[in-house]
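The values are calculated or read from the model by the stated rules, or taken from the named source; none is laboratory data. Since we're looking at a predicted model, the values are computed, not measured. For neighbour counting, all protein chains shown are included, and Cβ atoms are generated from backbone atoms with ideal geometry for every residue, glycine included. For the accessible areas, the whole protein counts, side chains as well, though only heavy atoms, and no ligand, DNA or RNA atoms are used. Shrake-Rupley method; radii C 1.70, N 1.55, O 1.52, S 1.80 Å.
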Amino acid sequence: MNRTGVKIGVYVCHCGINIAATVDVEAVRAFAATLNNVAVARHFQFLCSAPGQEMIKKDVRELGLNRVVVASCSPRMHEIAFQGVLADTGLNPYYLDMANIREQCSWITSDTAQATEKAKRLIGGAVARVALQEPLQGRQVPVIPKALVVGGGIAGIQAALSIADAGYHVYLVEREPSIGGRMAQLDRTFPTLDCSACILIPKMVAVERHPNITLLSYSEVVKVSGYVGNFKVRVKKKPRYVEPGACTGCDECARVCPVEVLSEFDMGQGKRRAIYRPFAQAVPSAFVIDKRKSPCKLACPAHVKVQGYIGLIGQGKLKEALDLIREELPFPSVCGRVCLRPCENECERKQVDESLAIAALKRFAADHVSNEGPPVPVRRTKKEKVAIIGSGPTGIAAAYDLVRMGYGVTVFEAAPVAGGMLALGIPDYRLPREVLQKEIDRVRALGVEIKTNTPVGQTLTIPDLFKQGSGAIFIAIGAQQSHRLPIPGSELEGTLAGLSFLRDIKMGKRVKLGQRVLVFGGGNVALDCARSAVRLGAQEVRIACPESRETMPADPSEIKQGEEEGIVIHPSRTLAGLLGYDNRVAGADCLNVLRIMFDEEGHLKLETVPASAHVLPADTVIFATGQAPELGVVSGVQGLTITERNTIAADPDTLATGVPGLFAGGDVVTMAGSVIEAIASGKKAAVSIDRYLQGRDLREGRTEEPVKSADFKVVIPPGTQTAPKQIMPELPLKDRQGNFKEVALGFTREMAVAEAKRCLNCAVCSECHQCEAVCLPKCIHHALKEEEVDLEVGAIAIATGHDFFHAPLLPQYNYGHFPNIIESMEFERLCSATGPTGGKIVLADGRVPRSIAIIHCVGSRDYHANTYCSRVCCMHALKQAYLVKEKTGAQVYELYTDIRASGKGYEEFYERVQREGVLFIHGRGAEVIMQGDQLVVKAEETGLGRPITLPVDLVILSTGMTPRKDSEQVARIFGITCDHHRFFMESHLKLRPFHSNTDGIFLAGTCQAPRDIPDTIAHANASAAEILSLLARGKVAIEPLVAEINPELCSACPACICVCPYQAISLNGKGKRVAEVNEALCKGCGACAASCPSGAITVKHFTDRQVFAQIEGILAGTESRSKP
Amino acid sequence: MAEKVFNLTRDMLDPTFADLVAPDREKLLTCIQCGTCTASCPTAHAMDYTPRQLWRLIQLGLKEEVLSCNSFWLCTACYSCTSRCPRGIACTKTMFTLKRMALSTGVAKRHATAHFYEAFTETVRRHGRIHDVELMTIFFNKSKRLQAISYTRLGLTLWRKGKVSLDAAGVNIKRLDQMEAIFRKAEELERKR
Amino acid sequence: MTGHFEPRIVGFLCNWCAYTGADLAGTSRLKYAPNVDIIRVMCSGRVDPTFILKAFQLGADGVLICGCHPGDCHYSGGNYKAARRIAILKKLLKQFGIEPERLRLDWVSASEGERFASVVNEMTAQIRKLGPLMPTNGPEIAKEEAKEFAESATPG
């Protein structure tokens, strides 16, 4: 349609022959001239040239044009240039439209008729659209005068130095503990044979010292938002656990570290410790601790540093191991004997053979530390007093932690002895009383007052304790009432409650037992009762339990030992009643159990087999199912909630009850039953009580970590052999008769050390604290945490470097199957004086090789691997040949496809290497085999046209450069794209190889494509120059392509607000509520426009009407149209 | 080969030879002469021209040289070359094509392997499976009559152990007509090619 | 139908990935069917269903929309929105009497020149087979659909 006042000039470019050879430019021009509103149509050889641009400007001036259509190359090429042309004439630059008749027309078809028609259609579309285009004003935004460089290899270092030298501030973020990248791993560089470190280190030092560079090492970028000139970057700083400023690099810590793993810097050719520095000249020079997660520590409810003490035991450092355990536990000897061992269930060693015998190791350490004096009493540093009711594991664990925090702690125990269930419920053959007593005495010696025979709840009540000055009170009385089944006959003579039975034995009371004992229950208490009964002389001891054999909750080793001792187990039974004779139990009426179920309220329901009634003979029946707390202790307390299971209600995270200052934990709350859980509960209470007394929030920051997070992966060191789990020696059966001597005898020293050495060191650093002990500057802090910092920068250079092709992907080279086949970077580490062999070139067994074959193009120029040429491998293969000749007298063969030596001095270097007597074979090494014990390379001597076999001592595979494994994830973080090899994609391969497709983000170095060091430095400096140009301008133009809302049509639905990824739209609250766009945040994607049901939103320069017009113009056909 | 100086413009006798031979002509043109195929080939040492040299001859259009050499006859179809060729060239397929071409242009009359293939297909077509003695008889008849004598001892040993039988009774498979149908179909496909 | 049918296809390509990929196809001199006329938008999420319907109304035989691969959208998730809209629109097209295969959504990254060429070739071949668009029996198809739906909803 004719729009009044619109005058369009259409210009069809030949682009030399690029367009004109395929598109009939005159026909297209003539067609354009017939379109509506077109005042003039011309064609020209090169519109982008000065005369071309002049021609357009002349027409604008002389013909009064107010719209311009340029039909030429892609707008991505020259749109900005042509917009500039319009601006020069005073026209608004947004009065331009372009038709892409080159990249999307003349270049994609050889059919000239079709290409010409297509060009006409595209111009038809552009002409229709441009008539509706509006004048728009871009915005100028200030550029933050700071830059971010990501990656501290030579590219990142160079870019950072160039920007910083120009006076702008740079943040350099490096993922590894030290900068230096791949170049630091090289021995010498081609073609000059400069020592790589010698030319790199001064630059690394310059970075560290530069006042304009902030180095964030051991850190990673996790989030990027914003736009050119205004980027917001979130950086995660991983904890080194070592203070960089204070570390002197003395290496004492590494010497005592018990954990050794393969060194990444040495490409797995050497080892390092958990605390390490990647190489001697590292910048920063501080050490770093590689600390990951171990499942054992996470699974332990008390989070004991399991890997730590195991490592120390392996080194024979028993006292240190015991001290480490005692950081968390008051009862190492006890736990080493009776713990349920959740750690062993999660131990990753079971991937190799079986989990470690962790508890047995703990017991070994505790039992074998001799000459230990009593502990030094802890100094009381806080005025508050805490009262703990109950001296079982819960109460003592809480007391132990609180006294070490400096509080005054008094434990009130109703029984005559301290220890709770440990003292009164676990038989001596499992836990000898002397062992427990020793540990309780240690707790007393620290300063905890334990008052036995002092019940609370009668003459002394909880309110009394508060009145007497206790700042907080912890109820940890456990669940010590045994529960008798409410069946007929449960009160006959000869029936006993299990826990009372065990308690009587421990207290030394004479217990009258019959000859035929029946214990009812399937848990550890039942086994304790049964095995105690055996020792007290009962002739027949039986256990009946509702659970099946497989689901009996008792510890399997207890069950095994019980059966060895003669106990007969009757699983899947329940007692219907007890038969009496002369008012004494004579037998038990039993029913078989089909199924155990729980109803909606959590009550146990048994489904029994009909008509299965039978009698088990018994003259003594011991009930060992279920425990319950006895709650006399709470008399006088207001506001406490008791649950229907008769437990005290307490918050699961803080253990607070409803009453301020009153906490409850352990079995009295959870009835969970295990010692380690009880201890963990006591520790939790200690934290809560401390926070309460200091007036801090009880809940903050106390979430538990999952045992195995989604990205947990244990690394099983290569070459790990299976080794059997040590089996706990036991007291022979005949020696157990009639006594309560301890059955488990404990590991010997040899057994303990052998078992400890099976540990895989999942967490690497085991937190054994040996490094801390020897660190003179005291700069090791294991409690440091990850930090996040937010940076604001104007431009970003990405210099994240490369990885190498993984040789096992080509199985014909047998890498990893035969010895002495290595990758080129691994060989580089052998050559390097800072490497694992001190620069000596040796085979796996230490011999010097007499012949070496270097195979080129491994994983490169290969359809079965990477199709591209890796550019540098020919040269570094030549360099390595030269180094071999320099260091050894070995014969070197280079098996190549082509020699690519195109840089300055490269061809000369090739000749030099040839002169050294290196034999060059033009024939790709196809296979590496073993004949007997001789390595043989197969190739074709193409010069002679004969297949050859080459016996050598060492094979070096020149593997190609590849993008980093995570390049796609990194690209997403920054909003750039990857090419189809996963290198970062440049904006234009020839003209802009260091621009990404995102304004303000530049690429430096091998992350964009394989290149050598001189080209990397040039590439990095090019990025730096672009960044400096941006920062120096201080302002950048933002295109005004933002969304626009017509308030008349908006119904405030608010679909657009939900859809906008930048939260750029909000409802304004004045008068009629309508949606409004914040132009500073809007990026112009148009998602809102397409979602508006009222058609109220459009995007400037991409309005609905403009697009409709373009569609119409394209589909209107290519017949010449006459003007009205 | 060593005596002639190739004047390449005229000696490129058959520029379409590469088309006929390669399943994918463009692929064969991308050979970079690296020699991986030769190096991987278990029988290359016995060939007149190594596989690599063979692709070169094909690229240059030297049809006579190619069809008269023994290289492709020695191909065991192990596919090592195809699985390792860095250009992704279907080497083994090309070897098969050369065998077919040699047979159809009559060049193959001189090579023992071709005779063996023919003897094999003849006995299989007749019986539905191999009749060992007949196979060897036909083969020796076509190619090396005198060589048959050197096999006498082996033949007697086999016969004594009951491994070969001289009579043809009971050798045929039950559904010989199905085997015949297979052969007819194969011939039909060959004609279409 | 007289003469040789050349499908007329309108393409909406996002500036960051697909349009750049299409440019790459051209820079690489790949030859493919010239039947898709490309309109540049900033994001595939900009494509309003009315654009597509307008194209069909004005004579397009097919409409192609190309955006960034899932996860790579320059504007975070515009391509997901496009995917959802087009899934629904395809159902509507049937009721207009337009074969849903005439509308195609695909993902082309900035480095995928060859992929773009093959997408265009595939779509052109498919539209060629379907023939020119002649939307005439929309109301009939709508009635059919309603009947089918009612039958499936009633039990028994």
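Things worth noting here:
- Cysteines without a disulfide-compatible partner [chain B; Cβ-Cβ under 4.7 Å]: B:CYS31, B:CYS34, B:CYS41, B:CYS69, B:CYS75, B:CYS78, B:CYS85
- Convex hull per residue volume in Å³, alpha carbons only, for segment A:633-687: 81
- Set of lysines with alpha-carbon distance to A:LYS58 below 22 Å, sequence-local pairs under 8 removed: A:LYS7
- Bridging of A:LYS506 to aspartates and glutamates at a Cα separation below 13 Å is possible for A:ASP428, A:GLU434, A:ASP528, once same-chain residues fewer than 8 apart are set aside.
- 20 °C / 1.002 mPa s Stokes-Einstein diffusion coefficient of chain A, Kirkwood radius on C-alpha pairs, µm²/s: 58
- Inter-label distance, B:LYS93 to A:SER1094: 6.2 nm, where each label sits 7 Å from its Cα along the C-beta direction.
- Separation of the A:ASP504 and A:ALA39 label points, Cα + 7 Å toward Cβ, nm: 11.6
- Taking 18 Å as the cut-off, the amide N atoms of segment A:11-44 that come nearer than this to a point 7 Å along the Cα-to-beta-carbon line of A:THR112 belong to A:13-31, A:43-44.
- Using alpha-carbon coordinates, inclination of helix A:50-63 to the longest axis of chain A, degrees: 80
- Ranking A:ILE358, A:ILE973, A:ILE727 from most to least accessible surface, computed with a 1.4 Å probe over the protein chains only, gives A:ILE727, A:ILE973, A:ILE358.
- Given R0 = 51 Å, the distance between the Cβ atoms of A:THR4 and C:ALA146 translates into a calculated FRET efficiency of 0.60.
- Ratio of the Cα radius of gyration of segment A:473-603 to 2.2 N^0.38 Å, where N counts its residues: 1.09
- Percentage relative contact order, segment B:112-192, counting C-alpha pairs under 8 Å, at least six apart: 35
- Across the cross-link table entries A:LYS383/A:LYS467; A:LYS305/A:LYS683; A:LYS560/A:LYS713; A:LYS236/A:LYS293, which are compared at the Cα atoms, the separations over 24 Å belong to A:LYS560/A:LYS713.
- For the residue pairs B:LYS27/B:LYS185; A:LYS271/A:LYS291; A:LYS238/A:LYS1035; A:LYS237/A:LYS708; A:LYS319/A:LYS438, the C-alpha atoms sit more than 24 angstrom apart in B:LYS27/B:LYS185; A:LYS238/A:LYS1035.
- Shown is the FRET efficiency for B:ASP48 and B:ARG145, computed with R0 = 22 Å from the Cβ-Cβ distance and rounded to the nearest 0.05: 0.35.
- Helix axis angle, A:1013-1033 relative to chain A longest principal axis, alpha carbon, degrees: 80
- Percentage relative contact order, chain A, counting C-alpha pairs under 8 Å, at least six apart: 14
- If the chain linking A:GLU704 and A:ARG61 were pulled fully straight, counting 0.36 nm for each residue of separation and taking away their Cα-Cα distance, it would gain 224.1 nm.
- The alpha carbons of segment B:112-192 stretch over 44, 29, 12 Å along the principal axes, in descending order.
- In chain A, the longest principal axis of the Cα atoms and the axis of helix A:154-165 are about 70 degrees apart.
- Computed from the C-alpha gyration tensor, the three semi-axes of the ellipsoid equivalent to segment B:17-105 are 17, 15, 12 Å, from longest to shortest.
- Cα gyration tensor category, rounded, prolate or oblate, for segment A:399-441 with a/c compared to 1.5: prolate
- Partners for A:LYS382 among aspartates and glutamates (Cα-Cα distance below 18 Å; same-chain residues under 8 apart left out): A:ASP401, A:GLU449, A:ASP690
- Averaged over the residues of peptide B:82-93, the number of Cβ atoms from other protein chains lying within 10 Å of each residue's Cβ is 3.
- Two-site label geometry, A:PHE598 and B:LEU189: point separation in nm, points 7 Å out along Cα→Cβ: 6.5
- 1.4 Å probe accessible area per residue over segment A:673-814, in Å²: 53
- Between amide H atoms placed 1.01 Å from N, distances below 5 Å from A:ASP803 occur with A:THR962, A:ARG964, all of them 5 or more places distant or on a separate chain.
- Rh (Kirkwood; distinct C-alpha pairs) - segment C:9-153, Å: 15.8
- Descending semi-axes in Å of chain B, equivalent ellipsoid built from Cα gyration tensor: 36, 20, 16
- Looking at segment A:273-360, the pairs of alpha carbons with a distance over 21 Å make up 39% of the total.
- Along its three principal directions, the equivalent ellipsoid of segment A:1-138 from the Cα gyration tensor extends over semi-axes of 23, 16, 13 Å, largest first.
- For segment A:141-248, the C-alpha radius of gyration sits at 1.16 times the compact-globule guess of 2.2 N^0.38 Å, with N the residue count.
- Peptide C:72-83, shielding by other chains (average Cβ, 10 Å cutoff): 5
- Largest to smallest in accessible area, the residues A:GLU134, A:GLU986 fall in the order A:GLU134, A:GLU986 (1.4 Å probe, all protein chains included).
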